[in-house]
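Here the structure comes first, spelled out in structure tokens, and everything after it is commentary.
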Amino acid sequence: MISKTPKFDNAIDEVLSKLQPHERKCASCGENFLVEKEDIDFYKMLRVPPPTLCPLCRKKRRFGQFMRVPKFFKKKCGVPGHTEEAITVFPPSSPHKIYDFSFYHSDGWDAATYGREYDASKSFFTQFKELFFDVPHISLERDPLGVGVEYTLGGRGGKNNYYCSMGFESQDCRYCFDVRFSNNVADSHLITNSEFLYQCVASAFCNHCISVVGCSHCIDCAFLYDCKNCSNCFLSSNLRNKSYVFENEQFTKEEYEKKIAGINLGKREQFNACLRNFNKLMEKALHRSIQTVNTNGSVGDSLMECNQCYFVFQTMKSDHVRFADNLLGTKDSMDAVNVLGEKFYETVVGVPGNARFSLYVRNSIDMEYCVECYDCHDCFGCVGLKNKKFHIFNKPYSENEYWPKIDDVKSSMLKNGEYGEFFPLEFGLFPYQSSNGQKNFPINGVRAKEIGIPWYDEPDTNVPENARIRRAPEDIPDDIRNVTDEILDDVILCEATKKPFLITRAELGFYRRMNVPIPMKNPWRRMEERSELERGVWLYPFICPKCGERSFSTYNPLQQERLSIYCEECYLKEVV
């Protein structure tokens, strides 16, 4: 087959033909890392040069542009003639121009009007940054068919969800991160096929549970860690197929019900006492170094039905993938997050495939260095396009014009060291402070300034005039049964940050039904604390204290010293 980009192909062939396994220094952290044979095989398949950053720094860079945490602001809509403020992930002080959700998806504008000629004498990245900040951005990427999901981010098929992200086919969920096929869930992360859960993490197929972590198929349980197929269990860990267990001690049904009757979780003092005991219990529990199910030839965590995956996390039904996260049905891809399809490289959110160095390219193929493009193919260095093909810097070309132009652009970028590099965090294409990067690799404004990442001032929450202020916890009844509807008209000051927040009517109804106390901390602080209960997104060398075998674990070296952690084989012998 005749090459469409012969100059680039010859140049990349020369680079790849000389490539051998070797060690190099990361341009970001300065640590040495290996470029292994398996990496080189991917670079040859994907036609890209080897990276300058180590795998962990590449992940941090991707996560820093992965906007999937429920943190919202209001910012003035940039549509001419519009005066309203739109709900968005961009802080008001950021330089991003946003269009409200409806207008962005309408035919009232066309990102191709921002098209411009590529200047070979200038840096590609410099020109791309100028284009990116000229083109308007969607205020909030959410499901256009969702109902009552104005304060949600990502996901599909949602209904009546509030302050949620990545909610798939779920409804009546509040303050959640990645909740799927679930109903009536609040303050929870990584939940699947469940209902009536509160303060739960990484759990599936559970019903009417409070503070369960790493559990599945549990009913009417509270404060459980790593339990499966349990019912009516309380403050226990590592249980399998149990009922009426209290603090890991087996009781009869009558004995258990008598114990539970003396505990009122709706009373803040008792709830917090149980939570403190639960945290101690998790410290003493047996932990599984990694979690995989029906997985072959793979190294990673939270993998199900995967084959030949390496340093991959929270992924299902994927094959031949390296250094990636949150995938479903993905193959032949490397350095990617939340993609579905084939042949992705350094891409965040993409479907169905063959995208490189791109962000949020949906229903698009053969895209490189593109952001927020829908239903496109064969575009390079574009922002915000819909239903386009053969565009460079948002400027249209005929197919005959496009390929020679791309050949020149990619060859020039490869020669000067730009081709093969992902968008740097220093560009601030998306606000790091509202990203999964901040969730998993948190920094503060001082640190951001030191490393050159833009950090935007966040406005104080507006408190309605004449609103009554309640200072948590002294101004809030200790027992949920004593909380009246008056609290819906009041503003609560977070006991940790002193930032104000509100309680909604649906939220109050949920707390009453679940018999749990009113939260004393604002939603963002609660999310930060729950994130600490998630399994990690990186692997560390691990020696099993039971069998002495060397492998990997999501628990870092300090956690390995403090916790009881077994390799998968030893763990399964001990627990199952």
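Relative to the dominant Cα principal axis of the chain, helix 268-284 is inclined by about 60°.
Length gained on full extension, Y540 to E85, computed as 0.36 nm times the residue gap minus the Cα-Cα distance: 159.3 nm. If you take all other residues with their beta carbon under 13 Å from the beta carbon of P136, and give Lys and Arg +1 and Asp and Glu -1, the sum is 0. A quarter of the convex hull surface defined by the alpha-carbon atoms of the range 469-527 gives 3.7 nm² as the mean projection.
Distance from the alpha carbon centroid of the range 506-535 to that of the range 102-129 works out to 42 angstrom. Given +1 at the Cβ of Lys and Arg, -1 at the Cβ of Asp and Glu and no other charges, the dipole of the range 293-334 around its Cα centre is 60 debye to the nearest 20.
I need the Debye-formula profile for the range 473-576: one equal scatterer per C-alpha, no solvent, reported as log10 I(q)/I(0) at q = 0.10, 0.11, 0.15, 0.22 1/Å, two decimals. Relative scattering, expressed as log10 I(q)/I(0), comes to -0.52, -0.58, -0.73, -1.11. Give K76/K129; K343/K395; K37/K415; K343/K386 a once-over and call out the pairs whose C-alpha atoms are over 27 Å from each other. Among K76/K129; K343/K395; K37/K415; K343/K386, the Cα-Cα distance tops 27 Å for no pair. Near the amide H of Q65, within less than 5 Å, lie the amide hydrogens of G437, all on another chain or at least 5 residues away, with H placed in the peptide plane.
Relative to the compact-globule estimate of 2.2 N^0.38 Å, the Cα radius of gyration of the range 391-544 comes out at 1.65.
Charges were assigned to the Cβ only: +1 to each Lys and Arg, -1 to each Asp and Glu. The resulting dipole of the chain about its Cα centre is roughly 580 debye.
When DSSP beta bridges are restricted to pairs lying wholly in the chain, around 15% turn out antiparallel.
Relative to its Kirkwood radius, the Cα radius of gyration of the range 157-288 gives an Rg/Rh of 0.98. With respect to the chain, whose longest principal axis is taken over its alpha-carbon atoms, helix 6-17 is tilted by about 60°. Strictly greater than 12 Å: what percent of every Cα pair in the range 6-63 meets that? For the range 6-63, the fraction of Cα-Cα distances above 12 Å is 67 percent. For the range 293-334, what is the relative contact order in percent, using Cα pairs closer than 8 Å and at least 6 residues apart in sequence? Averaging sequence separation for qualifying contacts and normalising by length gives 27 percent for the range 293-334. The C-alpha atoms of the chain define a longest principal axis, and helix 37-46 lies at about 60 degrees to it.
Ranking Q438, Y104, T292 by Cα position along the charge dipole of the chain, where only Lys, Arg, Asp and Glu carry charges on their C-beta atoms, puts T292 farthest toward the positive end. For the chain, the relative contact order works out to 12 percent when only alpha carbon pairs closer than 8 Å and six or more residues apart are counted. What does the charge count around M334 come to, taking other residues whose C-beta lies under 13 Å from its C-beta (Lys +1, Arg +1, Asp -1, Glu -1)? Result for the local shell: -1. Applying the Karplus relation 6.51 cos²θ - 1.76 cosθ + 1.60 with θ = phi - 60° to the range 571-576 yields 3J(HN,Hα) values of 4, 5, 5, 7, 9, 7 Hz, where x marks Gly and Pro.
For the range 327-343, the Karplus equation 6.51 cos²θ - 1.76 cosθ + 1.60, evaluated at θ = phi - 60°, returns couplings of 10, 9, x, 10, 9, 6, 9, 8, 6, 9, 9, 6, 10, 9, x, 10, 6 Hz by residue, with Gly and Pro reported as x.
Find out how many positive minus negative residues lie around V537, taking Lys and Arg as positive, Asp and Glu as negative, among other residues whose Cβ is under 9 Å from that of V537. Residues near V537 contribute -1 overall.
Counting every alpha-carbon pair across the chain, the share separated by more than 38 Å comes to 34%.
Here, each number is a calculation from the coordinates, and none is a lab measurement. Since this is a predicted model, take the numbers as computed values, not measurements. Here Cβ is always computed from backbone atoms with ideal geometry, including for glycine, and neighbour counts include all displayed protein chains.
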